[in-house]
Amino acid sequence: VQLQASGGGLVQAGGSLRLSCVASGSIFSINAMGWYRQAPGKQRELVAVITSGDSTKYADAVKGRFTISRDNAKNTVYLQTNSLRPEDTAVYLCYASIDYLDYWGQGTQVTVSS
């Protein structure tokens, strides 16, 4: 199983980006998909996660600004990021629980300038 993340980039404060992550390989069931982020010198933190039942969970820092969604037919999870702030700058890592095993993508860099 592989996770391929994309959609990061450089954006001004207040801007938006849409991150995507596609799972490929031998997949029977995706239990959950989500995004974590890690900024330089900081611990990895949960950004948002969505379960197979479409339950969602967000970090307090992104509630109301970020929206997670998934396309089951495409084994893809999206993260719509709006009203970006400089403190959102980080490597965003795609995560998936597939057949009850955890997988991580390579990450995509999001840089927000002030």
Any residue that is touching a Gly at 6+ places or on another chain (Cβ under 7 Å), farther than 14 Å from residue 71 by Cα and open to solvent by 50 Å² or more (accessible area, probe 1.4 Å) - is there at least one of those in segment 2-16? yes
Looking only at segment 86-101, decide whether some residue is free of Cβ contacts under 8 Å to residues at least 40 places away in the same chain, farther than 17 Å from residue 113 by Cα, in a loop (DSSP other than H, G, I, E, B) and not aliphatic (A, V, I, L, M). no
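Quick one: in segment 86-114, which of the residues that are closer than 19 Å to residue 66 by Cα and of a type in the set (A, V, I, L, M) is most open to solvent (accessible area, probe 1.4 Å)?
Per the criteria, the residue is 91.
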For segment 70-83, how many residues are open to solvent by 50 Å² or more (accessible area, probe 1.4 Å) and either within 11 Å of the chain's Cα centre (by Cα) or within 16 Å of residue 8 (Cβ to Cβ) (or both)? 2
Exactly one of these conditions fails for residue 10: (1) more than 18 Å from residue 96 (Cα to Cα); (2) part of a loop (DSSP other than H, G, I, E, B); (3) of a type outside the set (Asp, Glu). Give me its number. (2)
Which of the residues belonging to segment 17-60 are within 24 Å of residue 113 (Cβ to Cβ), open to solvent by less than 70 Å² (accessible area, probe 1.4 Å) and either assigned to a loop (DSSP other than H, G, I, E, B) or modelled with pLDDT under 95 (or both)? 39, 59
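Identify, from the list 44, 37, the residue that is among the basic types (Lys, Arg), touching a Phe, Trp or Tyr at 6+ places or on another chain (Cβ under 6 Å) and free of Cβ contacts under 8 Å to residues at least 60 places away in the same chain. Lay out the reasoning, then the answer.
Numbers: 37 fails: free of Cβ contacts under 8 Å to residues at least 60 places away in the same chain.
Unique residue meeting the criteria: 44.
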Considering only residues of segment 61-81 that are part of a strand (DSSP E or B) and among the charged types (D, E, K, R), which is farthest from residue 108 (Cα to Cα)? 71
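The values are calculated or read from the model by the stated rules, or taken from the named source; none is laboratory data. This structure is a prediction, so every number in the text was calculated from the model and none was measured. Because the Cβ atoms are built from the backbone with ideal geometry, glycine has one as well, and the counts that use them run over all protein chains shown. In case anyone asks, the SASA skips ligands and DNA or RNA and just uses the protein heavy atoms, side chains included. Shrake-Rupley method; radii C 1.70, N 1.55, O 1.52, S 1.80 Å.
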